[in-house]
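Structure, as structure tokens:
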Amino acid sequence: VPVEIDKQPDDFFASGGWERGPGQQDPFESEEPVEIEIEALGMTVAQLTPELAKQFGWDRRGGETDGRVVVVDVKPLGDAAAVLGIRPGDLILHAGGEAIDTPASLQKALSKEALAEGVRMRIRDARTGQSRTLYTRVSD
């Protein structure tokens, strides 16, 4: 089989991006909230959507909810999140000195290394609407 290096076929065409065909959804645009499990704390978080805001009552409270991360699940007692009093519906505002605006930013702030040293988190309680600061340290 002959091989020519640095020669491109005349009919070769490289596109700069993905083009949506009829009836196709852009794979980078999803209506579903992306959930991330923070295993070390025993909780799952997601980007706060209008649907989740309604589910947890944030739509009735007012205040800024755009760009927020909400706790959607907490494992039973014994895991750090449950011991700290974090419950589904709580908003995570800050962690490790960083503003949290996506589940990925929370995951980064709660790295294994950061948790071993100790991390302060600022949350807004879903039941009271009040903010509070928590401190957690998780070691192996």
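The values are calculated or read from the model by the stated rules, or taken from the named source; none is laboratory data. All figures in this text were calculated on a predicted structure; none of them were measured in a lab. We place every Cβ from the backbone using ideal geometry, glycine too, and count neighbours over all the protein chains shown. All accessible areas refer to the heavy atoms of the entire protein, side chains included, with ligands and DNA or RNA removed. Shrake-Rupley method; radii C 1.70, N 1.55, O 1.52, S 1.80 Å.
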If packing is taken as the average count of other Cβ atoms within 10 Å, what order do 79-85, 112-118 fall into, highest mean first?
79-85, 112-118
Collect residues whose amide H, placed 1.01 Å from N in the peptide plane, falls under 5 Å from the amide H of H94; neighbours closer than 5 in sequence don't count.
I100, R122
Would you check the accessible area of M121, probe 1.4 Å, heavy atoms only, in square angstrom rounded to 10?
0 Å²
Integer Hz, Karplus 6.51/-1.76/1.60 couplings in order for the range 38-51, x for Gly and Pro
9, 4, 4, 9, x, 9, 10, 10, 8, 5, 6, 9, x, 5
Sorted from largest down, give the three principal axis spans of the alpha carbons of the range 48-140, whole angstrom values.
40, 26, 19
Residue-span extension gain [R127 to E39] - 0.36 nm each, minus C-alpha spacing
29.3 nm
Can you run the Rg to Rh ratio on the range 43-96? Use alpha carbon positions and the Kirkwood inverse-distance Rh.
0.98
